[in-house]
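The values are calculated or read from the model by the stated rules, or taken from the named source; none is laboratory data. This is a predicted model, so every value here is computed, not measured. Virtual Cβ from ideal backbone geometry, glycine too; neighbours counted across all protein chains shown. Note: accessible area is taken over every heavy atom of the protein model, side chains too, but ligands, DNA and RNA are not part of it. Shrake-Rupley method; radii C 1.70, N 1.55, O 1.52, S 1.80 Å.
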Amino acid sequence: MSPRRNRLPGGAKPIDRTGGDRYGLERTEEWRGETWVVRQVGGGGAAKHYRCPGCDQEIPPGVPHVVAWQQHGDVDDRRHWHKACWNARDRRSARLQRSRNAPRY
């Protein structure tokens, strides 16, 4: 008996059910009166260190996260967020870091 061949009949290519390229599907969300494009990045697609604007912590390579930018914005305006920080972005906006005894103006 010959070994089984795992090929589709007629030379057809397999269907990509992951939603496109390695970066995933893009969707749009409304936030602060603006339309934002949001893309999920899997651990395999995250190859660099990023700084999350929600918590000001580093996102190391290999960690799944979210990339968001304004719909009509520039490529340089993309921001990489932790998924939890993006979901809580109304409570975790970029804030000025002050020491305990710093005056509030």
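Keeping all protein chains in place, calculate the accessible area per residue for the stretch 26-87 (probe 1.4 angstrom), answer in Å².
The answer is 60 Å² per residue.
Work out how much length GLN57 to ASP76 would gain on full extension: take 0.36 nm times their residue separation and subtract the Cα-Cα distance, in nm to one decimal.
So the chain would gain 4.9 nm between GLN57 and ASP76.
Order the peptides 33-41, 62-70 from the highest to the lowest mean number of other Cβ atoms within 10 Å of their residues.
In decreasing order of mean packing, 33-41, 62-70 become 62-70, 33-41.
State the percent of C-alpha pairs, over all pairs in the stretch 26-87, separated by a distance greater than 16 angstrom.
When every Cα pair of the stretch 26-87 is considered, 42 percent fall beyond 16 Å.
From a point 7 Å beyond the Cα of ASN87 in the direction of its Cβ, which residues of the stretch 48-77 have a backbone N at a distance under 13 Å?
Within reach of a label on ASN87, which here means backbone N under 13 Å from a point 7 Å along Cα→Cβ, the stretch 48-77 contributes 65-66.
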